[in-house]
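The values are calculated or read from the model by the stated rules, or taken from the named source; none is laboratory data. Predicted model, so just to flag it, every value in this text is computed and none were measured. Positions of Cβ are generated from backbone atoms using ideal geometry, with glycine treated the same way; all protein chains shown enter the neighbour counts. Only protein heavy atoms, including side chains, enter the accessible area calculation; ligands, DNA and RNA are left aside. Shrake-Rupley method; radii C 1.70, N 1.55, O 1.52, S 1.80 Å.
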Amino acid sequence: MVGEENISLRNRRSTYETSEEKEDSLKRLEVPVDWSSPQSSNGHVDVDHLVTRKMQLLVEAEQMKPAFMQRIDSHFTELVNGLIAKSVQLESSPPAFSAVCSEKDGGFKSKGSRAPPEHGKVFVARKSVLEGSRAPLEHGKVFVARKSPLELVLEFDLLVYTFGKGSVVASTWLYMFLFTLTVPYGLFLLWAQGYHGSTHKTIHSAFFGGLFMIFHIFGLGVGPTYIVIAYNLPPASAFIVILEQVRLLMKIYSFIRENTPRILSFTPQKTNTVQVPKVSQYLYFLFAPTLIYRDEYPRTPTIRWSYVATMFAQVLGSLFYTSYLFDKYLLPAFRSHSREHFNVRELVLCIFNIILPCILMTIFIYFLLFHYWLNAFAEMLRFADRMFYKDWWNSTSYARYYRTWNVVVHDWLFYYAYKDFLWLFGGKSKAVAMLSVFTLSAIVHEYVLAVCLGYFYPVLFCFFMGFGMLFNFILNDHRKGPIWNVILWITLFLGQSVLFCLHTQEWHAHKHCPLENPTFLDYVKPRSWTCHLKF
């Protein structure tokens, strides 16, 4: 009996493979596909049913083959059309393209050079892989889209708290702006007009220089800092005031530094009027997204208000998403780790728990400030030079990273700190000049954090003067290759996470472990090292 069943099975298979009438008859049959293995009454598997099921699957495969081949043919046609269009575009491009590339990029045939993107990957109009597979299945199971039980809940309590006391912030900013607009310009104008007519130029300059220092130390230095501390401004509001204070001081220094040589080199015999910048030029500089003063800047012909609206909308979107990341991922991790004593184990756990949301939040804040915010003001002011940052994410050395991640501040430090230091000391101490720039930057950063957060915890200063200087010399411009870019990103991830963990633990310690009679050492000593938080 078993031999007869095997012979019958082979006959049925050969009949299916050679008979088209059998396939047509099966296509007309609406046989439901049963995925179970039916058994006969004597417990053996029904061979006829298995053969029928296999033939049904083969028929369905043959039916799907034309649709599949049609889709492949469509994608191939789109690819060929794109390549033809690209070749036509390259043939119609101006012949000076190669000359321009060779002049700007130094030629692409030299050893170690890299061709521009136009000579590499070719982009064509096509759908993504996932988008191309969204066609409904004609044969098979139909999936029904259902609502996810998870809902995105946006809570604005954190934003309301961090940007609280807006009236104090607005009035403080208005005071700082009016002070910067009137006092520095007025003192500089009086000094410039009486300098060449004075018989004692040194005393004249020392007098106005002393007035300038006194007004700015108390008017623009102590005043905003006192307001932040006295009114106990929340973190974001405090950062707005203090960063604006630093920005205005840097702008004032640039204005004085760029225009003083002009007054000193003025010769009354050639002309009777001193070339002092106009108030409109100074006012434009105060709002321009640059810290280097010039009488004129390259300007765009028109203002694209739709672009401005888009930039400000992305500022709000980045702000909301940053708040969401901090509230949902960082804050719970900080609260859980702040309950434990400060030790290396808790620090390591905190770092690895927040490393991904921390770097995401940092990137969002970065593009919020340096891309969306600065581009919005540049468009409104028709400021044409939009190089506020370069491709710092491709850096293979910390030296290049420091030069490209914040071009606005780097230009100020390079021209007014680094180059002036070399000019004063004869250009023979480049390492000392670099050290002075790092020290100045570290002091300003630590001042901002100390005033805005309400405590002194010089972690960032140690990072700047320790790891920052070390990586600047180790990961220098001679480092090439992708591996150094990976090392840079890993160290950035770890550094940002360590700073967030340490400062947040210190913040919780100051909030939940107040001291009754604190001494000066209590303000300097980190409180998170001795405070055990209990919530």
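Annotations for the structure displayed:
- 13 Å beta-carbon shell around Ser436, net charge (K/R +1, D/E -1): +1
- Solution diffusion estimate, µm²/s, Stokes-Einstein, the range 334-479, Kirkwood Rh from C-alpha pairs, 25 °C, viscosity 0.890 mPa s: 137
- Between Val241, Thr260, Ala230, the Cα set farthest toward the positive side of the dipole of the range 230-300 (charges on each charged residue's Cβ, about the Cα centre) is that of Thr260.
- Of Lys165/Lys278; Lys251/Lys511; Lys328/Lys511; Lys201/Lys278, pairs whose Cα-Cα distance is over 30 Å: Lys165/Lys278; Lys251/Lys511
- Projected onto their three principal axes, the Cα atoms of the range 223-298 cover extents of 56, 27, 16 Å, largest first.
- In order along the range 435-448, the Karplus-derived 3J(HN,Hα) couplings, from 6.51 cos²θ - 1.76 cosθ + 1.60 at θ = phi - 60°, round to 5, 5, 5, 4, 5, 4, 5, 5, 5, 5, 4, 5, 4, 4 Hz, and Gly and Pro are given as x.
- Computed accessible area, His510, all protein chains, 1.4 angstrom probe, square angstrom: 40
- Between the beta carbons of Asp157 and Thr225, assuming R0 = 25 Å, the FRET efficiency works out to 0.35 to the nearest 0.05.
- Against the empirical 2.2 N^0.38 Å (N residues), the range 397-452 has a Cα radius of gyration ratio of 1.20.
- Percentage, to the nearest whole number, of Cα pairs in the range 196-339 over 23 Å apart: 62
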